[in-house]
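What follows is a set of notes on a single structure, which appears directly below.
Bear in mind that the values in this text are calculations on the coordinates, not laboratory data. Quick caveat, the model's predicted, so the values are computed rather than measured. Positions of Cβ are generated from backbone atoms using ideal geometry, with glycine treated the same way; all protein chains shown enter the neighbour counts.
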Amino acid sequence: MSFSQEGDLARDIFYVNFNQSGTALCVGARSGFNLYDLSTVYECLPTYESRIDPEIQEQSAHRMSYLGKDLKLLKDVCIIERNFSTVLVAFVKLEKPRNVFLYNYSKGAVIIQKAFPNTVLSVKLNRNHVVVCLEDRIFLLSARSLGDSSDHVITDTAPNVKGLLALSWGPEHHPTLVAYPGSVAQGHVQIFDATQKHAKMTIPAHTSQLAALAFDEDGEKLATASIKGTVIRVFSVSTGDVLFEFRRGVKRCVEINCLSFSKNPDLLCASSNTETIHIFKLCVPETVVPPAREDGGEGVGWLATLGSFVLDQSAQYLPAQVTDVLKQPRSFAHIYLPCVDQRTVATITRIKQVPYVLVASSEGFLYIYDINTETGGACHLVKQHRIEGPRHKQESPNSLKSSRSSQEDTHPISPDPNTDPTECLKPLMADMSLDTAEFSSIHTNFPEIHPSESPPVVNGVKSIHQERPLLLTEVE
């Protein structure tokens, strides 16, 4: 994505995205990738940097003969996704845009490298699947059998040059759903059931091309936005009916970068290339009846009632499109960023049981805002953090635990075994160690391709640099 202003550090950032639950942040950069666990508001330190410890290099010359080539100085990470808050990440490098690496950063081991026939535009993970999107097809890999060559492929998809894709990420027993554009000219959405491996439905969401897609946690709702960016719709996945329709604004057309659901209460967050973040409440507006006065007169809300009556009567004489605009609800809460012309991703999450809105940009900043889930309104900036790629110091270790307290060093954070989505990957990872693990790869007959343009991605945030291949083509 292009930016009007770029800082010295931020220009090195290629990709920024939150994990599925908004509890972690991934940063892909020229120097590799960083992972942040978002467990506190006032501190934001990387929990992992993609750097190889020099001591580990001396332990296994055979192992490091490969790592020295591809991971010793890992750089130019243009896509990076983390599977919830586990040790499993998937990344793509500019050097090999057709290859997806699944990596266990705790062991410093590549679980598998998968090659595809064309440039990888986006990668999504959940508990059951790894989904890889190319321009004309989508690959569905089972997390239980990553080495199996019998992957399901959705072929003959509409040209998807931006790699737009949404993947449901609910409980393991829920079906895995994939949403992707079904048309180039119009905003049709195709929903595919990856569990049963069949097409589920087509939703005519918008009249113009799609710009953003997102499932809610349960996979029951789908949010969509078009390249005009004025109307955001929420559909029922089971019936295809419109549940909610929100208007972001009418003053200008913008490009929606990110849609994100939250629960308790049900909110929908939308970020764009403007300085405003919009948050919508997923509820049916209640009809407010003005209270009666004790003297038998009209209630105190007679003026509001009169205004509603005038609106309803005037709607009969206005075109249908104008009437729809007047009746579409606006945002429940909003955020004004301290900068303009930035591409951002946003999510609503809870930190220590308190709701916050997190906004990350390719300029290299993480903004944390409070939000009143009862009254809405303006959200206030609580903390601003700098995010960046690895710094590659000579004495740097694999992680930044040394920069933390000795108490944190002796009690490292480990995934909860009861909720760890990588349980299904343990057969592949059990025998892997830094000394003896062998690199496994799925070889294909596809020749190595180095395209002049790298994949444009809208599911995360990418940036453009003059000295680097184009990472996102603007859609007019």
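Quick look at the values:
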{"quantity": "Residue order, fewest to most beta carbons within 10 Å, for Cys44, Cys78", "calculated": "Cys44, Cys78"}
{"quantity": "Loop-resident sites, region 339-392, for trypsin sites (Lys or Arg not before Pro), counting at most 10 other Cβ within 10 Å (DSSP)", "calculated": "Lys352"}
{"quantity": "FRET E, pair Val382, Glu135, Förster distance 45 Å, beta-carbon r, rounded to 0.05", "calculated": "0.65"}
{"quantity": "Convex hull per residue volume in Å³, alpha carbons only, for region 181-281", "calculated": "95"}
{"quantity": "Likely footprinting exposure, Asp151, Asp241, fewest C-beta neighbours within 10 Å first", "calculated": "Asp241, Asp151"}
